[in-house]
Each structure stands twice: as structure tokens, then as C-alpha cells.
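These notes concern the structure reproduced below.
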Amino acid sequence: MSDQDYNQGTTDDNSANTATESTPSTSSGSQSSSPGKKESGVLYLGIDLGTSRTSVTASNGVRETVASFVGYPKDVVAKKLLKADVLFGSDAIEKRLSLNLYRPLGEGVLKTSLEGGSEDGDYEGNVRAAKDLIAEIIRRAQPRKDELVYAVIGCPAEASFKNREAILDAARASVDSVMLCSEPFSVAYGLEMLDDVLVIDIGAGTTDLCRMHGTMPEEADQVTMTWAGDSIDAELTRLLQERYPEAQFSIHMVKSIKEKFGAVGELLDAAVVELPVNGKPTPFDITNEIREACQIIIGPIVEGLGKLVGSFDPEFQQKLKDRVLLAGGGSQIKGLDKAIEAEMHRILGSGHVIRVEEPMYGGANGALKIAHDMPAEYWEQLK
Amino acid sequence: MKVSEQMSKIPRGDDGVPEDEVPKGAPEDDTVQQHARKLNLVGSSQLTKAVAESVREGLRDQFELTQAQLNAAVRAVGSRLMLRLKAQSKAVRGVPKAAFLKEVQADKDRIDAARETAKRELDAMLEKLKLGQEQNSLREAELVRESQATGQVEDEQLAGRIAAIFASSDGDSAKIREKITELALGSMQGQREKSIDAQMAEHRDQVDGFERRIAKLTNSLELTEEELKKMAKAKNIDLGVGSIYRSVQGLSGEDNDYETKKELMSSIFAANLALQKGKTA
Ligand SMILES: Nc1ncnc2c1ncn2[C@@H]1O[C@H](COP(=O)(O)OP(=O)(O)O)[C@@H](O)[C@H]1O
Ligand SMILES: [Mg+2]
């Protein structure tokens, strides 16, 4: 499957360049010759750096997603066997038994030794994994060697200062200029919703709520909670263990089941899954368990929305409630928009929820748009 | 232009189900294999339908199942089939993917190297050409100066000799003398120019040679570029894809929310500048 689009004009431009400029040298060293002129040969990237998934949308038309897992062979034997120094995404998950596996953005932020996020508190390891992950997603965007790379990275709204520094550090190793912005902001910006909108971004580790009103969101405009995809998986696991103690399953299986059948409210299809019982695949109807598990995030989300609405200028509260944007992988739970809307009516008196069209690429698309709209001189200054 | 309009690619969904959930070791039935050989004659929607139908029928014949269970089974088979096909599609052209990629990488490296060499040679050539051209014009000026200096002496000698010849005869043929002198001088200058031309031609040939070589190299550069593109397309490899934004970067003044966006951009920039400063401080 050849899915690369070659831009004829672009390449021609380029061979013309090589004939006139004798030394293209390193890309990062080149300067825009005349200050008023717009820079050419720049690849813009929008990156959504997530707990479970990192995506890129690039100004060359490439889009890529990789699960946010990085694995290093445990020993020389494993390294020889795997024929690689580092594995990413589903490759890393698949070979996890022979790897030291990192999920560098667990809980939505780089784990620090202080936060004690990773099992072994390996902060250095997580930083290295983040660096490798960012390098990998940029590689997958297929930059030309002779183009500058400018990236906007959307990171979780509540990433701490230390975390942002670490992310910035990690990115600077592979791009010519980089800016961070808050993930919910980039989602909204991508959809041209610049003011008076509430964004709900349901990820794996965290759900980020963000109030937008024209300028950059501040601390007070954001609420982050750990009620998110992973907590639904945990709840579904608990329910299944409680009600079908004989069934055997792993957390990965539960996650797949949720992604396939995840729904709240009135269900159209019964969710019947086959789970092994003493090794024999046995069908279980887990419709109710799925509904119950998926529901657990609704209450906390609406409560968080209430906080953001309640602390806003009363004159504009209504407007805010009328434009709630539902994004992130978790927004794909069927019926979730309507269910949140119903809960908003119950708790806050009104509400209107819009689901983003592309939950997997919304953040990256928005970040790319920011990268594009950013004046060239800003990029220059951050080089 | 909207970003979404430019991004027409289908996400490749790398984040899906781990590979170890691909069912393994299903029985390889001869009839299945025979049928599989004919499968490439069938459209994918036909195939999907046929699989779904036959699974449904097979299950209905063998078991007593509810409609929901039947549907679930059909769905399960469908997704497993997809996973299996996806897993198998990792092997390209009968070669394991890793080996294939290595082969492709070698090709790419070779072409890259050829391109590098051609480029380097071209650069050297251009340098030489420039030098040659400079030297030529210097040499030409020098030759002209030389010939003018030596010419002046020669001219005087010749004129003197002619004058002596005519002085020995009578003074009444002054007009003829003038004419002959002019004529002789003219022919002398002509000869000198010829000799300069001859010397210059040698240099010009050299330059022409350079120019032809450069044209050739440029051509071969374009060829390797072409070859690279073709190969990359055929083998679907990472050669880098050029940016679409060449000269359109920056917020358009015609944007409806120009002012708001401009303000947003500068506050993002300010925050990042502070972040970067804080780090270096
Ligand atoms: N079709 C789906 N239905 C329900 N949940 C889904 C679906 N697809 C992905 N998810 C869940 O979305 C979460 C990941 O969302 P994502 O936006 O990728 O997260 P992050 O930003 O944290 O990387 C995971 O918990 C995943 O299980
Ligand atoms: Mg996200």
C-alpha cells in the first residue's frame, strides 16, 4: 500500500536548489536570507503526545500514530533476537517480555522520581524513553533531510513545569524549533473554536477539561482528573472478576473489549464476548458490565465542568454550557455525548455537547494548524 | 486552507490491538487453500459477505445459537480475519519485512551515495568553471595588453623600415607611402588578433568541456532524484516527503479571526520563550 504522496513541485524546487546553492550543510544552521521573505523548505508538525498514543500530523500530508510505549531489550540475547536497540508502540507491547518497557507519559505527564509514577521510579529512563518516542514519531512524519522541522506539541494541560522542560528537552534533540501548548487548546483551535468553549479530552490516563475564552487558558481554566480510559478498564475488570470469577482475561483484552463495545445509555447491540474458562472459549453477555463501567466517568466529568462554569463570568456561563467539545480516544464511547448532556441538564440546568469528528487526530491537527499560523519570526527566535 | 482538507490520509492505526491477540495455529485445511487460490478473483466486499454468510450457516448447522450469539460469532470471525490478514501483510513479496526493508535501505543508500557523489563533483566543477572563467578574462586582458605593448614596438619598427625604403626613393610618392604603411599596420594587427584568438580558444575549449560536464552531472542528478522517487514509490519507503507549505506559512491577513489568532499565537510564543529562558537560566 503506497500511501505517500510525492509533491512533484516540491521535489523539483529542491533539485533546482542543489544546483545553485553549493553547500546546503546542516539544516539547522541555515538562516532565512532576507528577513521579510517567508521561509521555504519547512516541515511543520503537529504532535499530540498522549498517555497511550502519540500522533503526528505533518505539513507534507503524513499522519502517523504510535502507541506511547518504548521498550529496550533486557539483555544482549534479547537485543540480538529482536535485532533492534529500541522498539515502539505495538511492537514494544508485543515483545514486552524481553523488554524493559516504558510508558513515558503515564498519567499524562512525564513521570518524575518525586512523583514516583513508574514502578521503579526510573525518571532518567522515562526521559530517555520520551526522547526516543518523540524522535520516532518525527521520523514517521518522513521529514526531508534538507527541510527544517518546526513542531508544536500538545501536552496534557496540567503537565508540571518540570515536565514541560523535560518534554521540551526531549523534542529539541530532533527538531529545529519547538513550542508546547496545552492539548485541549490545540483541539479547540483546530476546530476554529477560539472562544467560549469547554473542551473534554478523554485520554487513557487522564481526562482534561479546559475552558477557552479567547486567550490562552490559564491554570484556573483547567481541570485534570484521573477518571479516564484506564479507570474504565479497571472498573470493567473489577466487575467481570466479581460477576464471572471463572472467566480468564488480561487487561489488554478488557481494553479491546471496551474499545469495541464501549457504550452508555440505550444500547443497540448486545455485547457478547468470548472469554476462556479453563482454556475453553465461552460466550458471556457483558452488556450491563460495559455500560456500568463506561458510566463511571460521567459524574466526575460533569462535576468538573460545573467547577469551570461556576467560576466563570455569570453573563457568559450559559454560552459556555452550550458549547462543550468532546474529544480524545475515550470520546468514542457510544452515547457518551448524549449521556454527558443529560447529566449536565440534571446538574447544571442545561448543556450541549458536540463530539469532535476525528478523536484520534483532533489534537495533532490542531497543533499543526498552530504551527502553521505561528509567525516565522517566532520560530526563528526559539531556534 | 483548512488543515483538515490537506490531510487526506487514512490513519494507519498503529495503536490497535497487540499482535499477540492474533489467533495462531488455526488448522490449515486443504480445501481452504485450494479456495484461497481463487480468492484473488473475488472482490473484497463479496469476500466479506461470503465469509460472514458461511460462518453464520456453519454455526447454525452445528450449534443451537441465539441470533445475538450468531451475530457476535460472525463479528468475532470478521475481526480475527482482519487481524490475521493484517499480520500476514507484514510479509512483503514473500520476504520477511525486516529483510525487505534492509534491501530497500541498501538501494536507497546506493542511490543516495550516487547522488552525493554527483553533487560533490558538480560543486567542484562549478568551482573550477568559475575559476577558469576568471582566469580566462584575466589572461585575455593580459594578452591584449602584451600584444599592444609589443605591437607598438613592432609597428614603429615596421613604419621606420617602410619610411627608410621610401626615403631612399623620391619624396613625390607620399600618398602611396601612407597607404602602404596603413595597410601593413592593419595586417600586423590582424595577425596579432589571430594569435590571441588561438591562445584563447584553448582556454575556451577547456571551459566548454567544463560546461558540458556540468550539464551532464546536473542531468544525472535529476536522474537519481527521479530514480529515488520512483523506487521510494514502488517500495513505499521513507525518503522524506516534502512539505506542502512552501510559501504559505503564517496566518493569513484575510482570516476571519486574524486579530484573535494573532494574539493567541503571541501568547503561546511568550509562554514558550519564558519556558526556554527558565531552562537556560
Ligand atoms: N473506540 C473506542 N471506544 C472507547 N474508548 C476508546 C476507543 N478507542 C480508544 N479508546 C480509549 O481511549 C483512550 C486513549 O485515548 P487517547 O486520546 O489516545 O489518550 P491519550 O491522549 O491519553 O494518549 C484509551 O483508554 C483507549 O482505550
Ligand atoms: Mg490525548
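The values are calculated or read from the model by the stated rules, or taken from the named source; none is laboratory data. Please read these numbers as outputs of a predicted model, since none were measured by experiment. Positions of Cβ are generated from backbone atoms using ideal geometry, with glycine treated the same way; all protein chains shown enter the neighbour counts. When the accessible area is computed, the model is the full protein with side chains, heavy atoms only, and any ligands, DNA or RNA have been set aside. Shrake-Rupley method; radii C 1.70, N 1.55, O 1.52, S 1.80 Å.
Numbers for the structure displayed
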read-out: Test set (1) closer than 18 Å to A:G363 by Cα; (2) more than 16 Å from ligand 2 (Cβ to nearest atom); (3) surrounded by fewer than 22 Cβ atoms within 10 Å (Cβ to Cβ); (4) in contact (Cβ under 8 Å) with a residue 60 or more places away in the chain - A:A220 fails condition number; value: (1)
read-out: Matching residues in the stretch A:346-364 - criterion: being over 21 Å from A:R53 (Cβ atoms), in contact with a strand residue (DSSP E or B) (Cβ under 7 Å, 6 or more places away or on another chain), open to solvent by 40 Å² or more (accessible area, probe 1.4 Å) and not hydrophobic (A, V, I, L, M, F, W, C); value: A:H352
read-out: Lone unmet requirement of (1) modelled with pLDDT under 90; (2) within 16 Å of ligand 2 (Cβ to nearest atom) for A:E64; value: (1)
read-out: Long-range neighbours under 9 Å by Cβ, at least six apart or interchain, first residue part of a helix (DSSP H, G or I) within the stretch B:107-128, second among the aromatic types (F, W, Y); value: B:M125/B:F210; B:L126/B:F210; B:K128/B:F210
read-out: Condition check for A:L194: open to solvent by less than 40 Å² (accessible area, probe 1.4 Å), part of a helix (DSSP H, G or I) and either free of Cβ contacts under 8 Å to residues at least 40 places away in the same chain or in contact with a helix residue (DSSP H, G or I) (Cβ under 9 Å, 6 or more places away or on another chain) (or both); value: no
read-out: Some residue of the stretch A:17-31 being within 16 Å of ligand 2 (Cβ to nearest atom), in contact with a strand residue (DSSP E or B) (Cβ under 9 Å, 6 or more places away or on another chain), at pLDDT below 90 and on the phi < 0 side of the Ramachandran plot; value: no
read-out: Search result, residues across the stretch A:192-204 that are within 14 Å of chain B (Cβ to nearest Cβ) and within 16 Å of ligand 1 (Cβ to nearest atom); value: A:G203, A:A204
read-out: Cβ-Cβ under 8 Å pairs, at least 6 apart or on other chains, the stretch A:318-345 side without any contact (Cβ under 8 Å) to a residue 40 or more places away in the chain and open to solvent by less than 10 Å² (accessible area, probe 1.4 Å), far side part of a strand (DSSP E or B) and within 16 Å of ligand 2 (Cβ to nearest atom); value: none
read-out: Test for A:V149: is it away from ligand 1 (no atom under 16 Å from the Cβ), of a type in the set (A, V, I, L, M), assigned to a strand (DSSP E or B) and within 20 Å of B:Q276 (Cβ to Cβ); value: yes
read-out: Residue count, the stretch A:312-329 (criterion: over 12 Å from A:R211 (Cα atoms) and among the aliphatic types (A, V, I, L, M)); value: 2
read-out: Among the candidates A:A376, A:A342, A:A271, residue that is modelled with pLDDT under 95, away from ligand 1 (no atom under 13 Å from the Cβ) and small (G, A, S); value: A:A376
read-out: Output for the stretch B:62-75, where each listed residue is within 8 Å of another protein chain (Cβ to nearest Cβ), open to solvent by 30 Å² or more (accessible area, probe 1.4 Å) and under 17 Å from B:K49 (Cα atoms); value: B:N71
read-out: Criterion violated by A:Y189 - all others in (1) under 18 Å from the mean Cα position of the chain (by Cα); (2) more than 10 Å from every other protein chain (Cβ to nearest Cβ); (3) over 19 Å from A:R53 (Cβ atoms) satisfied; value: (2)
read-out: Identity of the residue in the stretch B:129-164, surrounded by 11 or more Cβ atoms within 10 Å (Cβ to Cβ) and of a type in the set (V, I, T), that ends up nearest to B:I180 (Cα to Cα); value: B:I162
read-out: Single condition A:T226 does not satisfy, out of (1) out of contact with any helix residue (DSSP H, G or I) (no Cβ under 8 Å at 6 or more places or on another chain); (2) under 30 Å from A:L320 (Cβ atoms); value: (1)
read-out: Whichever residue in the stretch A:337-383 is outside any helix (DSSP H, G or I) and within 16 Å of ligand 2 (Cβ to nearest atom) and, among such residues, is farthest from A:S59 (Cα to Cα); value: A:R355
